[in-house]
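Here is the structure we will look at.
The values are calculated or read from the model by the stated rules, or taken from the named source; none is laboratory data. Bear in mind that the values here come from a model prediction, so they are computed numbers and not experimental data. Neighbour counts run over all protein chains shown; Cβ positions are idealised from the backbone, glycine included.
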Amino acid sequence: MTSLKFSVLIPVYHGDKPEFFHQALESIYVVQTLKPDQLVIVIDGPIPEALEDVISSWLSKYDDLITLVRLSENVGLGIALSKGLEECHHDLVARMDSDDVARENRFEKQIEEFRNDKNLKICGSNVHEFVISTGEISSSKIVPRDMEDIVSFAKYRNPINHPTVMFSRQAIHNVGGYIPMRGFEDYYLWVRCILAGYTFYNIQECLVSMRGGQPQLARRSGLMYVRDEIAFFYAITVAGFISFPKLLVILTLRSVLRLLPRVGLRRVYRLLREK
């Protein structure tokens, strides 16, 4: 049976480490049992020479595979992904972050799900989290498998591990794509897809290893993050996804969590992750 064609969308910006970016690229092409038909790299603003060297090296080997989208200034993840989606040639698009590592059969597993379910629009998976080596797993983030559980989970927490997702570009376009919602662009997208009646599925395997540790905790704590979280949950309440009483409960619990000392926040995240 002919394989479904798909693009991979990966952004890179000035703060990324060249060695991590190269490792991510190798994991989504060189070692994959099912290779993508297009690799869209979005350069989100000026990047240092070392990152440019990684891109040049890959272009010298895979020029026909790679589509570069170069943005003149750093615009953030949501807008960068929107620009990249415009250049994807295929309806199926897989996301990847520039510092994560995909398992060698990730795309084979996801394409199989899309082939088996013609109604499927969004497919993710569980993830392992690591700090130094993919062989040293610090925790795993387990997300629900089936649609009913995904919808229930989404009322409190993000139901899709963003760097693992493969989706229908047309479905994403139909709900407005990545709308600016700082820190929550992907979560906001999944809620709108749920409200649109699209079918989700999460493969119950860890198909991507994500880098965790202190930088990740820093991004998810503090008053600025609390403000962004309030804006997001208010938006999905207005959209009718959750009730106002539930909004108050969620924001109270989450605000306390975000303002905990870093060590306390780390302990809570460990409780929410499955070893």
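General remarks:
- Scope the range 60-86; condition assigned to a helix (DSSP H, G or I) and either exposed (fewer than 13 other Cβ atoms within 10 Å of the Cβ) or among the hydrophobic types (A, V, I, L, M, F, W, C) (or both); matching residues: Ser60, Lys61, Leu77, Ile79, Ala80, Leu81, Leu85
- If you go through the range 209-227 and keep only what is more than 18 Å from the chain's Cα centre (by Cα) and at pLDDT 85 or above, you end up with Met224, Val226, Arg227.
- Residue match in the range 74-93 (condition: assigned by TED's automatic domain parsing to the domain that holds Lys35, over 30 Å from Asp117 (Cα atoms) and among the basic types (Lys, Arg)): no
- Qualifying residues in the range 105-134 (those that are of a type in the set (Gly, Ala, Ser) and buried (at least 16 other Cβ atoms within 10 Å of the Cβ)) - the one farthest from Val8 (Cα to Cα): Ser125
- Members of the range 72-130 that are among the aromatic types (Phe, Trp, Tyr) and under 29 Å from Arg182 (Cβ atoms): Phe130
- Cβ-Cβ under 7 Å pairs, at least 6 apart or on other chains, the range 171-194 side free of Cβ contacts under 8 Å to residues at least 40 places away in the same chain and in a loop (DSSP other than H, G, I, E, B), far side surrounded by fewer than 18 Cβ atoms within 10 Å (Cβ to Cβ) and not polar (S, T, N, Q): Val175/Ala196
- Candidates Leu77, Leu9, Leu39 - the one that is touching a residue at least 40 places away in the same chain (Cβ under 8 Å) and under 18 Å from Arg106 (Cα atoms): Leu9
- Number of the exception - Ser57 against (1) among the small types (Gly, Ala, Ser); (2) more than 24 Å from Ile160 (Cα to Cα); (3) not in a helix (DSSP H, G or I): (3)
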